1. Starting from the amide H of residue 140, placed 1.01 Å from N in the peptide plane, find each other amide H under 5 Å away whose residue is 5 or more places distant or on another chain.
2. Return the loop-located GluC sites (Glu not before Pro) in the stretch 43-151 (DSSP other than H, G, I, E, B) with at most 13 other Cβ atoms within 10 Å of their own Cβ; answer none if there are none.
3. For labels at residue 145 and residue 259 in the simple 7 Å Cα→Cβ model, what's the distance in nm?
4. Grab the other residues whose beta carbon is less than 13 angstrom from that of residue 63, score K and R as +1, D and E as -1, and report the net.
5. For residue 370, list long-range residues whose amide hydrogen, built 1.01 Å from N in the peptide plane, is under 5 Å from its own amide hydrogen.
6. For a label point 7 Å from the Cα of residue 300 along Cα→C-beta, name the residues of the stretch 334-373 whose backbone N is under 14 Å from it.
7. What are the principal axis extents of the Cα atoms in the stretch 236-325, in Å, biggest first?
8. Please give me, ordered by residue number, the trypsin sites (Lys or Arg not before Pro) of the stretch 166-208 that lie in loop per DSSP and have at most 13 other Cβ atoms within 10 Å.
Amino acid sequence: MEDMKKRTWAEVSLGAIEHNYRVMRERLPEGCRFLGVVKANAYGHGAIPVAKRLEALGCDYLAVACLDEARELRAADIGLPILILGFTPPEYAGELADLHITQAVGSLDAAVALSEALEETDKVLKIHLKLETGMGRTGFRVFGQWKALPAATAVKLPHLDAEGVFTHFCVSDAEEGVRDFTCEQFRRFTAAVEAIETRAGHKFTIRHCTNSGAMHAFPETYLDMVRPGVSLYGMYPGPVRDQIDLIPAMTLKTRVAYVERHEPGDTVSYGRTFTAERPTETAVLPIGYADGLHRALSNKLTVLVNGHKVPQVGRICMDMCMADVTGLGVKPGDEVEIFGRDMPIDDVADLAGTIHYELTCAVGPRVPRVYTD
């Protein structure tokens with residue numbers, strides 16, 4: 001493990017993820033399932049280790065974005081039901097059925113194509129219908145001038161088993177008091193489900209719409225299953241904190257590679273955006289935007305070295321960046337925290353003008369993940 005900490009690494013606490021899972025699970029009514037979202041390499045934390053921990057904890061379902069992510073989990077002998085939230089071409093319908101993968105379906109055309117791809121077989125593919133209630137992306141539109149017939153027809157197609165139905169909230173993580181649109185999405189969803197079930201003569205086993213924002217702010221939406229994503233990894237989806245005590249799971253670290261000395265007037269890095277105004281010592285850190293440290297953070301970021309918060313200076317490069325460590329006695333090999341336990345990722349995200357989990361997702365594949373409890 002120590003060999004993995006020679007350059008730049010991400011420490012991922014599976015214990016923190018377990019804590020976050022447990023405190024959210026405790027909020028659920030009896031019989032409500034828990035789906036763990038592990039798409040995008042578990043938001044950068046490592047899909048296989050996270051999925052294995054969730055499976056051991058009794059999680060009911062997992063969600064990924066695409067077939068490749070589902071294949072990875074099955075190849076690692078993870079047996080939980082897996083829902084693909086994104087699109088899968090119909091020519092892979094047989095593989096989906098063979099791997100016992102559930103596919104999200106957001107249109108009648110997509111449903112027909114999947115069913116027809118299996119018509120020369122005895123295979124049945126489990127699906128969850130996606131309903132569009134206001135997100136504006138994908139799904140059977142169920143507001144305005146809508147009819148239940150297309151969704152009801154999809155439910156009754158041969159070779160498809162419509163186990164579930166879901167929608168996705170777009171502003172459930174908004175500020176407190178901004179509730180109206182989420183409530184309207186939920187109303188549209190529940191009314192549409194009832195209409196589709198009546199028209200199709202079919203009862204969905206699993207209704208789900210609770211993302212991380214709704215997990216915190218809209219407990220009335222829990223229904224048959226919840227599917228928190230970012231909250232599982234200890235990051236609050238918005239300003240609502242309530243009584244869910246989350247622990248951030250990732251800490252991004254690097255080490256000082258060199259300490260360079262500069263005279264007044266010397267400039268640092270591309271574009272000469274930093275000029276030393278006094279005799280200056282800079283620590284060269286072997287982390288850059290190829291590792292996931294956004295270039296937009298140049299001359300804005302603060303990092304932690306030996307207990308001291310110091311400014312990053314000059315442009316962040318592809319593979320390295322510099323920090324002003326003047327007078328601190330910093331030496332090569334000293335550990336540096338970019339974000340995590342002592343440097344809140346929310347602060348870094350604010351500086352970059354983005355959301356915290358874009359930063360964890362951006363941590364590159366050449367950055368090893370070191371797992372702890």
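The values are calculated or read from the model by the stated rules, or taken from the named source; none is laboratory data. Given the structure is predicted, the values throughout are model-derived calculations rather than measurements. For neighbour counting, all protein chains shown are included, and Cβ atoms are generated from backbone atoms with ideal geometry for every residue, glycine included. These accessible areas exclude ligands, DNA and RNA; they are computed on the full protein's heavy atoms, side chains included. Shrake-Rupley method; radii C 1.70, N 1.55, O 1.52, S 1.80 Å.
1. Hits under the 5 Å cutoff: 130, 131, 132.
2. Details: sites: 55, 69, 72, 91, 95, 116, 119, 120, 132; in loops: 119, 120.
Filter output for the stretch 43-151: 119, 120.
3. Label-label distance for residue 145 and residue 259, simple model: 7.3 nm.
4. Details: positive: 33, 39, 130, 227; negative: 60, 69.
Once all neighbours under 13 Å are counted, the net charge is +2.
5. Under 5 Å from the amide H of residue 370 lie the amide H atoms of 10, 11, 12, each far enough along the sequence or on another chain.
6. Residues passing the 14 Å test: 346-356, 358-359.
7. For the stretch 236-325, the Cα extents along the three principal axes come out at 52, 25, 22 Å.
8. Details: sites: 179, 187, 188, 199, 203, 207; in loops: 179, 203.
Those satisfying the criteria are 203.
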